[in-house]
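Colleague: One structure is given below, represented as structure tokens, and several questions about it will come after.
The values are calculated or read from the model by the stated rules, or taken from the named source; none is laboratory data. Since the structure is predicted, the reported quantities are computational estimates derived from the model, not experimental observations. Glycine also receives a Cβ, built like all others from the backbone with ideal geometry; neighbour counts cover every protein chain displayed. For accessibility, only protein heavy atoms count, side chains too; no ligands or nucleic acids. Shrake-Rupley method; radii C 1.70, N 1.55, O 1.52, S 1.80 Å.
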Amino acid sequence: MTTPLSGTQFELTSGAYTATIASVGASLRSLQHHGRDLVVPFDADEVRPAYRGATLAPWPNRVVDGRYSFEGTDYELALTEPKRGHALHGLVAWHDFIALDEAADRVMLATTIEAETAYPFRIQVRVEFHLDADGLHTTVAARNTGTVPAPFGTGPHPYLVAGEGTVDDWTLLLPAEHVLTVTDDRLIPIGVADVATESGGTFDFREPREIGDTFLDHAFTGLVRDENRTAEVRVTAASGTGVRMRWDSSCKWVQVHTADQEAPKPSRIGLAVEPMTCPPDAFNSGEDLLVLQPGGVTFASWSIAAI
């Protein structure tokens, strides 16, 4: 039997929820509630479109020019975002993860980032997906199985679907006080700004409002959290349907992207919401960058549920 291009498929069910996890990139291929899509899906026997639903590690977002220094040594990564000249979204997005444990409502996948010239560190990555009455819960656990400290960051890359229409028709609640400003051409970080004043409040979604034709491909921080230190983003359609994404205190940043595409590709069909443990280019700025000591472990968790 031929394995689909997106890898081994793991079908999860729990109550009204169903999810499909593809082993390549430990990717969320589909998530539905009562048959309604909560994320933009893709076909099993399809090369995953870009990073749709993928697990990102050992860094999320961009390393500018693919170059960074760590503990006095310079490294140069492959440029996986050639048009902008950056190393994008880590190394495991195209790894074929193996299943360590699986049941009707959950699966545990694992891979190892082997040391290479550009990233000479060995990191074991485990990703658990678990469905229950409160939606899909994902936890990434990373362990440094090497002998030297290693820089690390992680996050997911789902495209949320509120309901009928496109991103333009949906309402966004994004309780973030600051936005990372970037250059227009290459999205290189410039600095952190107040959402209330930057670009006339374009990035201020602290109160729910329609996205309209707003372009977003920005990282946000200063997240408002509840008593459990959980942050939440909500996207809703005019009909009242929607989807929410929550994440724990390990993710201090969230990238939001309106998925603008050049024709003939379908554009703005889902809103990328990517909780991140560190901001773009953290391998250079060092901001919120995790440094895993030999034997050290870190965890990050998030969930997606229907509204």
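Colleague: In what sequence, highest mean first, do 272-283, 296-307 appear when ranked by Cβ atoms within 10 angstrom?
Modeller: 272-283, 296-307
Colleague: Residue farthest toward the positive end of the dipole of region 116-230, with Cβ of Lys/Arg at +1 and Asp/Glu at -1: which of PHE205, PHE215, VAL192?
Modeller: VAL192
Colleague: Can I ask one more? Return the sequence-ordered ³J(HN,Hα) values of region 144-154 in whole Hz as given by the Karplus equation 6.51 cos²θ - 1.76 cosθ + 1.60 applied to θ = phi - 60°, using x for Gly and Pro.
Modeller: 7, 9, x, 10, 10, x, 9, x, 7, x, 8
Colleague: Sort 49-58, 146-155, 132-141 by packing, meaning the average of other beta carbons within 10 Å per residue, with the highest value first.
Modeller: 49-58, 146-155, 132-141
Colleague: Could you work out the relative contact order of region 221-288? I mean the mean sequence separation of Cα pairs under 8 Å and 6+ apart, divided by the number of residues, in percent.
Modeller: It rounds to 25 percent for region 221-288.
Colleague: Between ASP43 and THR145, what FRET efficiency comes out of the Förster formula 1/(1 + (r/R0)^6) with R0 = 51 Å and r the beta carbon distance, rounded to 0.05?
Modeller: For THR145 and ASP43, the calculated efficiency is 0.90.
Colleague: Report the paramagnetic label zone for ARG229: residues of region 290-305 whose backbone N is under 17 Å from a point 7 Å from Cα along the Cα-to-Cβ axis.
Modeller: 290-291, 297-303
Colleague: Let me ask you something else. With just the Cα atoms defining each centre, how far is region 170-208 from region 236-271? Give it in Å.
Modeller: When both Cα centres are located, 15 Å separates them.
Colleague: Length gain on complete extension for the stretch SER267 to ALA103, per 0.36 nm per residue less the alpha carbon to alpha carbon distance? Don't jump to the answer; show the numbers that get you there.
Modeller: Working: separation 164, 0.36 × 164 = 59.04 nm, distance 3.57 nm.
Residue separation times 0.36 nm, minus the Cα-Cα distance, leaves 55.5 nm.
Colleague: Further question: By its C-alpha gyration tensor, with a ≥ b ≥ c as the square roots of the eigenvalues, how is region 258-307 shaped: rounded for a/c under 1.5, else prolate for a/b larger than b/c, else oblate?
Modeller: oblate
Colleague: Of the listed peptides 66-74, 8-16, what is their order by residue-averaged count of other C-beta atoms within 10 Å, with the highest listed first? Numbers along the way, then the final one.
Modeller: On the way: 66-74: 13.2, 8-16: 15.4.
Result, highest mean Cβ count within 10 Å first: 8-16, 66-74.
Colleague: Determine the per residue accessible area of the chain with all protein chains present and a 1.4 angstrom probe, expressed in square angstrom.
Modeller: Using a 1.4 Å probe on heavy atoms only, each residue of the chain averages 43 Å².
Colleague: What ³J(HN,Hα) values, in whole Hz, does the Karplus curve 6.51 cos²θ - 1.76 cosθ + 1.60 give for region 79-86 when θ = phi - 60°, with x put for Gly and Pro?
Modeller: Computed from phi, the couplings for region 79-86 are 8, 9, 10, x, 5, 9, x, 10 Hz.
Colleague: So, one more: I'm spelling it out carefully: the read-out is Rg and Dmax of the Cα atoms in Å, the candidates are (i) 20.1, 74; (ii) 19.9, 65; (iii) 18.4, 57, and one was derived from this structure. Which label?
Modeller: (iii)
Colleague: When the accessible area of the chain is computed with all protein chains present and a 1.4 Å probe, what percentage of it is carbon and sulfur?
Modeller: On the way: 6380 of 13100 Å².
Within the chain, the accessible surface is 49 percent carbon and sulfur.
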